[in-house]
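Dumping the structure here so I can ask a few things about it.
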Amino acid sequence: MMLDRIREGLLRKAGLNEQQIGEALQMERESGQTLDQILVAKSYLPEGRALDFFGEFLGMEVRRSLDGVSVPGPFIQNVPVQFARTHHLVALEQTDRLVKVATCHPLNVQPMDDLATMMGREVEAVLAPKSEIAGLINRAYRHKADGVDEALGDIEEQDIVGLAATIEESEDLLDVANKAPIIKLVNMLLFQALKLRASDIHLQPYPDRLQVRMRIDGVLYDTEAIPKKAQEAIISRVKVMGKMDIAERRLPQDGRASIRIGDGDVDVRISSVPVQSGERIVFRILDKTTKVYSLDQIGLADRDREIIERYIDYSHGIIFVTGPTGSGKTTTLYACLQKINAPSLNILTIEDPVEYNLEGISQVQVNVKKGLTFANGLRSFLRQDPDVMMVGEVRDNETADIAIRAALTGHLVFSTVHTNDSASTVTRMLDIGVEPYLVSSSLLLVIAQRLVRTICPRCKELLVPDKKQRFQIEDLKLSLDQFADGKIWVGRGCDDCFHSGFSGRTAIYEIMPIDSVIQEQIVNKASASVIKRGALERGLRTLRMDGVEKVLHGITTPEEVLRVTQLDVF
């Protein structure tokens with residue numbers, strides 16, 4: 001009873017009401033979960049506030065970010081990745097007698113005791129967000145063998161027959177101990193992809209093998225080669241995961257699966273297409289355990305961030321983010337929503353699919369089969385008393401028309417479009433049949449963006465550019481005098497970055513506020529080139545200009561900027 005009273009007092013300090021305190025204490029007794037897990041899971045406290053609260057109460061250090069931390073080698077050797085991921089524990093530093101370990105569950109002490117035994121040292125806990133811990137674990141274990149080779153070695157003929165067993169609703173990838181080798185292999189490939197931050201896995205059949213390829217930072221790399229004899233079984237297994245028809249091999253199919261890693265969820269989109277040597281499978285991975293970036297983490301120059309922050313505070317109007325598939329548009333939109341998210345606002349999103357879970361925001365997933373399209377979802381939103389709405393994509397006249405009319409009737413609307421630059425977004429709205437006066441009076445801001453790979457920090461070095469690099473610098477209208485000592489930053493290539501010289505990505509931006517001049521040009525149906533030329537004269541910075549600035553700051557290379565902005569020459 002005494003303990004309950006202490007906890008009750010504790011929960012009052014956290015600002016919980018009587019009902020929440022009663023529910024939290026009852027759940028703690030019945031579920032076996034710790035109090036900190038319950039408070040976050042039930043959304044009584046956001047994770048950040050829960051960490052600060054328990055950090056202060058227990059006298060523990062709280063770290064918001066684990067960027068740049070190097071995990072001690074003994075931790076990686078002695079602690080299985082399954083244990084680290086399941087309990088969200090990772091070592092930050094180590095001395096002869098002590099290991100500093102990051103955790104997001106301060107009251108869950110049993111795993112800490114187990115860890116102390118594994119490491120043979122005392123453990124001191126530091127609090128950090130779950131997403132930061134997951135990211136650091138992935139980076140730390142990136143090069144440690146992860147069971148793919150072992151699973152490949154286990155594949156034998158008898159395992160391959162009659163494999164298409166049932167699958168649980170959401171299967172834990174780390175629970176591989178008693179699985180058949182094929183199931184283990186597919187799980188391990190997915191886990192390897194998550195460790196390497198891959199966005200897609202390709203299973204490409206060749207006459208002699210099934211080649212696994214992974215897209216990391218936008219570039220495909222060959223990884224494992226699986227024996228041809230296991231191809232049919234693996235494809236059957238994947239189809240079972242995606243609830244697809246395993247007997248249909250002549251038509252393309254789509255499926256989806258939800259998998260667990262410890263207690264984090266990952267959504268997988270699966271696509272199969274019949275090709276010459278079998279069926280080609282592509283997984284698109286949406287890791288919901290990754291963090292949602294804020295506006296100051298996505299590569300915006302200060303002046304660009306200030307423009308965006310000014311416009312996202314408007315009470316009504318429409319803001320478009322534009323760029324090709326995979327250019328980080330959703331990340332930018334989420335960063336904007338995160339910035340304005342407050343209890344006083346009703347924020348609704350309709351997406352295809354919902355990529356990350358945003359706390360305090362109602363997210364709806366498109367379901368075309370059931371008749372829930374972007375346009376229908378938007379119509380329903382208008383009856384939900386919204387302040388801010390996000391529409392995954394404006395694809396047609398109907399969606400555009402509803403979004404723009406919503407913006408005119410006092411709502412702030414965010415959306416994405418597929419166009420090459422900021423000015424052509426304006427003309428696209430006119431092309432799909434929206435009246436010019438509606439576009440001109442509702443549009444606030446257009447953000448065009450592309451992703452460029454960033455130079456690997458581990459193998460970054462200053463070099464005198466060779467002939468090819470000098471041509472690239474000239475193509476960007478730069479001269480060597482603009483670089484210190486005439487040298488440019490490049491990545492030499494190391495194990496950490498697959499010898500590519502790049503690790504991670506950042507965005508380059510072109511941000512065009514819709515001023516009175518552009519509003520007039522829209523009404524007069526001016527072409528995209530006329531709008532852009534005028535905007536340039538008034539200070540617009542194009543994608544390539546922003547890219548050039550990132551080259552001069554040593555963030556990326558001239559080659560990368562040229563690769564993603566070839567259509568941006570003006």
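The values are calculated or read from the model by the stated rules, or taken from the named source; none is laboratory data. None of these values were measured; they are calculated from a predicted model. Note that each Cβ is placed from the backbone with ideal geometry, even for glycine, and that neighbours are counted across all protein chains shown. Each accessible area value is taken on the protein alone, full model and side chains, heavy atoms only, with ligands, DNA and RNA left out. Shrake-Rupley method; radii C 1.70, N 1.55, O 1.52, S 1.80 Å.
Let me know the longest stretch in the chain that avoids all GluC sites (Glu not before Pro) found in a DSSP loop with at most 15 other C-beta atoms within 10 Å. Numbers along the way, then the final one.
On the way: sites that count: 61, 156, 168, 169, 248, 359.
Segment 360-570 is the longest.
For labels at residue 303 and residue 64 in the simple 7 Å Cα→Cβ model, what's the distance in nm?
It is 2.7 nm.
Kindly provide the pair-distance distribution of the chain built from C-alpha pairs, with 10 Å bins from 0 and whole-percent values in order of increasing distance.
3, 15, 22, 25, 22, 11, 2, 0
Using 0.36 nm times the number of residues separating residue 250 and residue 359, minus their current alpha carbon distance, what extension gain do you get?
On the way: separation 109, 0.36 × 109 = 39.24 nm, distance 4.25 nm.
Gain on extension, residue 250 to residue 359, equals 35.0 nm.
Express in nm, to one decimal, how much length is gained between residue 47 and residue 95 on full extension, taking 0.36 nm for each residue of separation and deducting their alpha carbon distance. Spell out each step's value before the answer.
Working: separation 48, 0.36 × 48 = 17.28 nm, distance 2.94 nm.
So the chain would gain 14.3 nm between residue 47 and residue 95.
In nm, to one decimal, how far is the residue 396 label point from the residue 499 one, both placed 7 Å along Cα→Cβ?
The modelled label-to-label distance comes out at 4.9 nm.
Roughly what % antiparallel, to the nearest 5, for the DSSP beta bridges in the chain?
Looking only at bridges with both residues in the chain, the antiparallel portion is about 65 percent.
Using Cβ-Cβ distances only, list the Cys residues of the chain with no partner cysteine under 4.7 Å, sorted by number.
Cysteines of the chain left without a disulfide-compatible partner: 104, 336.
A follow-up question, please. Summarise the accessible area of the chain (1.4 Å probe, protein heavy atoms) by the percent that is carbon and sulfur. Kindly include the intermediate steps, with their values, before the conclusion.
Details: 12710 of 26260 Å².
So the carbon and sulfur contribution to the accessible surface is 48 percent.
Rounded, prolate or oblate: which fits the stretch 201-277 when a ≥ b ≥ c are the square roots of the eigenvalues of the alpha-carbon gyration tensor, with rounded for a/c under 1.5 and prolate only if a/b beats b/c?
In terms of gyration-tensor shape, oblate.
Once both labels are modelled 7 Å past Cα along the beta-carbon direction, what's the residue 517-residue 345 spacing in nm?
3.0 nm
Right, next: Hey, what's the chain come to in accessible area per residue, 1.4 Å probe, Å²? Kindly include the intermediate steps, with their values, before the conclusion.
On the way: 26260 Å² over 570 residues.
Accessible surface, normalised per residue, equals 46 Å².
Related question: From the protein chains alone at 1.4 Å, what is the descending order of accessible area for 44, 293, largest first?
Numbers: 44 35, 293 95 Å².
Correct descending sequence by accessible area is 293, 44.
Would you kindly state how much longer the chain becomes between residue 368 and residue 466 on full extension, computed as 0.36 nm times their sequence separation minus their alpha carbon distance, in nm to one decimal? Spell out each step's value before the answer.
Working: separation 98, 0.36 × 98 = 35.28 nm, distance 5.24 nm.
Roughly 30.0 nm would be gained on extension.
At what distance in angstrom do the alpha carbon centres of the stretch 286-319 and the stretch 532-550 lie from each other?
Here the answer is 19 Å between Cα centres.
Now a separate question. Find the centroid of the Cα atoms in the stretch 83-129 and in the stretch 198-240, then give the distance between the two in whole Å.
The distance from the Cα centre of the stretch 83-129 to that of the stretch 198-240 comes to 36 Å.
OK, next. Once amide H atoms are placed 1.01 Å from N in the peptide plane, what residues at a sequence separation of 5 or more from residue 500, or on another chain, have their amide H within under 5 Å of its amide H?
For residue 500, the qualifying residues are 494.
Using only the Cα atoms of the stretch 316-355, build the gyration tensor, take square roots of its eigenvalues as a ≥ b ≥ c, and label the shape rounded, prolate or oblate: rounded if a/c is under 1.5, else prolate if a/b is larger than b/c, else oblate. Intermediate values should be presented prior to the final figure.
Working: a/c = 2.02, a/b = 1.69, b/c = 1.20.
Prolate, since a/c reaches 1.5 and a/b exceeds b/c.
Still on this model: At 222 nm, what value in deg cm²/dmol follows for the chain if DSSP H runs of at least 4 each add -39500 (n - 2.57) and the sum is divided by all its residues, to the nearest 500?
Values: 23 runs with 219 residues, N = 570.
Rounded to the nearest 500, it is -11000 deg cm²/dmol.
Taking a ≥ b ≥ c as the square roots of the Cα gyration tensor eigenvalues, with a/c under 1.5 meaning rounded and otherwise prolate when a/b beats b/c, else oblate, which class fits the stretch 324-415?
Numbers: a/c = 1.38, a/b = 1.08, b/c = 1.28.
Verdict is rounded for the stretch 324-415.
Using alpha-carbon pairs under 8 Å, 6+ residues apart, how would you state the relative contact order of the stretch 174-313 in percent?
Values: 210 pairs, mean separation 25.7, N = 140.
Here the relative contact order equals 18 percent.
Can I ask one more? For each pair in 228/369; 329/487; 329/468; 195/228; 184/288, compute the distance between the two Cα atoms and list the pairs where it is over 29 Å.
Numbers: 228/369 36 Å; 329/487 33 Å; 329/468 32 Å; 195/228 26 Å; 184/288 22 Å.
Where the Cα-Cα span goes over 29 Å, the pairs concerned are 228/369; 329/487; 329/468.
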